[in-house]
Amino acid sequence: MTERQGTNWSAAIEGWILVGIATMLLRKLYDRQLTLYTHPRYLPLIGVTAVLVLVIGVARLWLISATWQSAGGRVSLYGLLLLPLLLGTLVPAKPAGSALIDPRQLNNLQGRPYRGSSPLSEADSTRWTLLDWMFARYTLKPEEATGRPADLVGFVYHVPHAAASEFNVVRYAVVCCVADRSGASLPVHWEHGAELGNDQWVRVQGTIALRNGDGLPEYVIEAATVTVVDQPAQPYLYP
Amino acid sequence: MAFLSLSSMRQPFRGLLRMFPIVTYLPLVLLLWLGSGIGVPADLEAMTPRVQGLVTIFLSLFIEVLPFLVGGVLLSAVIALYVDDRSLHRFIPHRPWVAALVGSGVGLIFPVCECGTVPAARRLLHKGAPLPFAVAFLLGAPVINPIVIASTYVAFNGDWIMVGSRVGLTLLVSVTVALAMSWLPRQGTLLARGVRHLESGCQCASHSGERSVGGVLRHSATELVEMSRWLILGALFAATVQTFVPQSLLLQLGGGRIVSVVLLMALAVLLSVCSTVDAFLALALSGTFAPGALLAFLVFGPMVDIKSTFLFLTTLSPRAVMWMVGIIVPLVLAAGIVVNYTAR
């Protein structure tokens, strides 16, 4: 390392990248975009972390004029450090959507993790979420579910090779962050289903019908109305 | 402040241009271009939602792990500046098996997940802590800590057998691996180059900080930058695999007392979820997989997943990481299979 008075380029670049990452996180917190990535209970922790990273970045910048130091050998490192900053800033923040669905893994929730949100404690099934319906599929007798009204908000997903008049209304359940997501969904039968595109957020109102699924009777919503709605502020469900 | 003078700019930027590593920047440019959707030709338009999904998973992993990494880095800086080597030598046992046993239980006092243990273990090694202590801490603390014990208890509806099996097997594996590592030849080559640099008692600007808040922050900055690269690499790799390799591909390979253990160990590596929440995922899989496979998922994931394996490289040499993973895999696999054959 050559040492002489001048600019410490490593400190300058690293300090600004840390400040940039902290600012990006604070901006996402302020814009309420962080819930696209994590469970809301982590927001205070992430806010504190962003402030700490900001302070650490400023502390790094403090050394900017201490000793001249080339940044040439660390260019690969800076490319990696820039990755979350640039992706978080320049790529539009989107919730996990249909592109990440593995059709064979939809509804692989087994019901049991979500016992805390037992639908049986709420008699009015129009207030049930998709998770509640998943739970109901494993706990209710078929005749108890048939004909019940459903009122659900989710995004549209067309299962490959399904009937044109059918789509799935989907919400991801997130325990901690998007990496642990599981898809909860119900098929919707609606004559204009083909007109809806994947990832379009809709409100589906209708009644539950049954059909044969793999081992368990599968619920299908016979939709009375399907309305296009804005993406909810919290697009995921939290069991 | 003489912020920018031509004479000081010329040399670093010449170096910067000469060393421009396209390999590092190419994925960044591709992700930015496809993810932003700007100027993407029709043939590649279908890639944009996928890449945006990849970016969402990557950022979610990065954002979720960052608090624990920052916590670990701050703890490491405090250890570096305020804990003198002699005190540490007095308190940390030096007999390998005792050191391993104590190391794996440190998480009970400092509850950290796998990303928080790495900077702390790195600093402890620098301070002269024995390798078995640091390795056992790295592997044991992410599970043997009150938060993870509580989350496993809640997820499995108070099933103490599952909680006890998870903690017991983690203890067994972490102590065994730590002891095995202490018997490996060429001990000097088991630490990462950065740690060896620290061990040699370097006095460079970033490591000779004074005991003050500013000193702690400057220490933390150097370490955070160093460790973040591995976190970013690991998160990027995990996000790419999650985006392009369907889980069902693994899961449809099905049950079987042996195959199911292998599958869930592979899934644990692939998902790279934090040890504080993985019990809830294991529960979601409990209808499909045998108890031994679930146990293997719960023990193996916090020790060896994509992001933490990359982070280990900041502390241990690639040779040591390979040995570590090479010892953990058969141990957990065997334990999972034994449970599958013996559990009712």
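The values are calculated or read from the model by the stated rules, or taken from the named source; none is laboratory data. Keep in mind it's a predicted model, so treat the numbers as computed, not measured. Please note: Cβ atoms are built from the backbone with ideal geometry, for glycine as well, and neighbour counts cover all protein chains shown. What goes into the accessible areas is simple: the full protein's heavy atoms, side chains included, and nothing from ligands, DNA or RNA. Shrake-Rupley method; radii C 1.70, N 1.55, O 1.52, S 1.80 Å.
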Ordering B:ASP305, A:ASP31 by the accessible surface of their heavy atoms, 1.4 Å probe, largest first, yields A:ASP31, B:ASP305
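Given +1 on the Cβ of Lys and Arg, -1 on the Cβ of Asp and Glu, and no further charges, what dipole in debye does chain A carry about its Cα centre, rounded to the nearest 20? Please list the in-between numbers first.
Details: 19 positive and 19 negative charges, 183 e Å.
Dipole magnitude for chain A comes out near 880 debye.
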On average, how many beta carbons from a partner chain sit within 10 Å of the beta carbon of a residue in A:42-53?
-> 4
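Per residue of A:17-26, what is the mean number of Cβ atoms on other protein chains within 10 angstrom of that residue's Cβ?
Mean shielding count: 2.
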Probe 1.4 Å, accessible area per residue of region B:73-170, Å² = 38 Å²
Which helices pass in chain A if a helix is a full DSSP H run, must span at least 15 angstrom along its long axis by Cα, and must have mean Kyte-Doolittle hydropathy not below -1.0?
-> A:9-30, A:43-61, A:75-90
Using alpha-carbon pairs under 8 Å, 6+ residues apart, how would you state the relative contact order of chain A in percent?
-> 19 percent
Above 28 angstrom, tally the Cα pairs of chain B and express them as a % of all pairs, no decimals.
-> 48 percent
Would you mind putting B:324-336, B:30-42 in packing order, based on average other-beta-carbon counts within 10 Å, highest first?
-> B:324-336, B:30-42
Overall Cα dimensions of region B:68-126, principal axis frame, Å, largest first = 31, 23, 17
Residues whose built amide H sits under 5 Å from the amide H of A:GLU218, excluding neighbours closer than 5 in sequence, are A:ARG211, A:ASN212, A:GLY213
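Which of the helices in chain B, when you take each full DSSP H run, stretch at least 15 Å along the axis at their Cα atoms and have an average Kyte-Doolittle score of 1.0 or higher?
The qualifying helices are B:22-36, B:47-82, B:160-182, B:259-271, B:291-303, B:318-342.
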Under unit Cβ charges (Lys, Arg +1; Asp, Glu -1), what dipole magnitude, rounded to 20 debye, does region A:137-239 have relative to its Cα centre?
-> 240 debye
Long-range HN-HN contacts of B:SER275 with modeled amide H, under 5 Å | B:GLU114
How large is ³J(HN,Hα) for each residue in region A:175-181, as worked out from phi by the Karplus curve 6.51 cos²θ - 1.76 cosθ + 1.60 (θ = phi - 60°), to whole Hz, x for Gly and Pro?
-> 8, 9, 9, 4, 5, 9, 4
Buried accessible area, chains A and B (both chains, 1.4 Å probe, Å² to nearest 100) | 6200 Å²
Exposed GluC sites (Glu not before Pro) absent - longest run of chain B, DSSP non-H/G/I/E/B, at most 16 other C-beta within 10 Å = B:46-209
Would you compute, from DSSP H runs of 4+ residues alone, the mean residue ellipticity of the protein assembly as shown at 222 nm, taking -39500 (n - 2.57) per run and dividing by the full residue count, rounded to the nearest 500?
-> -17500 deg cm²/dmol
At 1.4 Å probe size, with every protein chain present, just tell me what the per residue accessible area of region A:16-57 comes to in Å².
-> 45 Å²
For the protein assembly as shown, the percent of accessible surface on carbon and sulfur atoms (probe 1.4 angstrom, ligands and nucleic acids excluded) is 64 percent
Ordered by number, the residues of region B:63-98 that have at least 20 Å² less accessible area in the complete protein assembly than on their own chain alone (1.4 Å probe) are B:ILE63, B:GLU64, B:LEU66, B:PRO67, B:PHE68, B:VAL70, B:LEU74
At each listed q (0.21, 0.22, 0.26, 0.29 Å⁻¹), what is the log10 of I(q)/I(0) that the Debye formula gives for region B:274-344 modelled as equal alpha-carbon point scatterers?
-> -0.91, -0.96, -1.13, -1.23
Mind checking which of B:LEU31, B:VAL259, B:SER182 is farthest towards the positive end of chain B's charge dipole, using Cβ charges of +1 (Lys, Arg) and -1 (Asp, Glu) about the Cα centre?
-> B:SER182
